[in-house]
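Here the structure comes first, spelled out in structure tokens, and everything after it is commentary.
Nothing in this text is a laboratory measurement; each read-out follows from the coordinates by a stated rule. Predicted, not measured: the structure shown is a model, and the values here were computed from it. Glycine gets a Cβ as well: all are built from the backbone with ideal geometry, and neighbour counts include every protein chain shown.
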Amino acid sequence: MTVEVRIYSAAGCHLCDVAKDLLERERERYRFELVEVDITGDPELEAAYREQIPVVFVAGRKAFKYTVDPAELHRRLTAAV
């Protein structure tokens, strides 16, 4: 079973770039499906996430905003399996 990790982000967001880089590195170790969602131009997503991006969901549950903690990501991935 593959766990989905979904990141809501936007172009030009430095914190988003840092979070995506970390998730890409961790994906090599923990084998999860990474889904990137660009909120730019989507009024509903902008309203929901703009002030918190990057926002990361693990297995459908909101796990992080602004930054991703690798140890907590591992814990959540393990719990989701």
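In percent, what relative contact order does the chain have, based on Cα pairs under 8 Å that are 6 or more apart in sequence?
39 percent
Using a simple charge model, +1 on the beta-carbon of Lys and Arg, -1 on the beta-carbon of Asp and Glu, nothing else, what dipole does the chain show about its Cα centre, in debye to the nearest 20?
Roughly 400 debye for the chain.
What residues from region 6-27 fall in the zone where the backbone N is under 19 Å from a label point 7 Å along the Cα-to-C-beta line of GLU44?
From region 6-27, the list is 6-10.
Quick check: residue separation of ALA71 and GLU33 times 0.36 nm, minus the Cα distance between them. What number comes out in nm?
11.9 nm
Based on alpha-carbon positions alone, could you give the equivalent ellipsoid semi-axes of the chain from the gyration tensor, as √(5λ), descending, whole Å?
Semi-axis lengths for the chain are 21, 13, 11 Å.
Of ALA11, VAL55, ALA80, whose Cα points farthest to the positive end of the dipole of the chain (charges on the beta-carbon: +1 Lys, Arg; -1 Asp, Glu; origin at the Cα centre)?
Comparing the listed Cα positions along the dipole, ALA80 ranks first.
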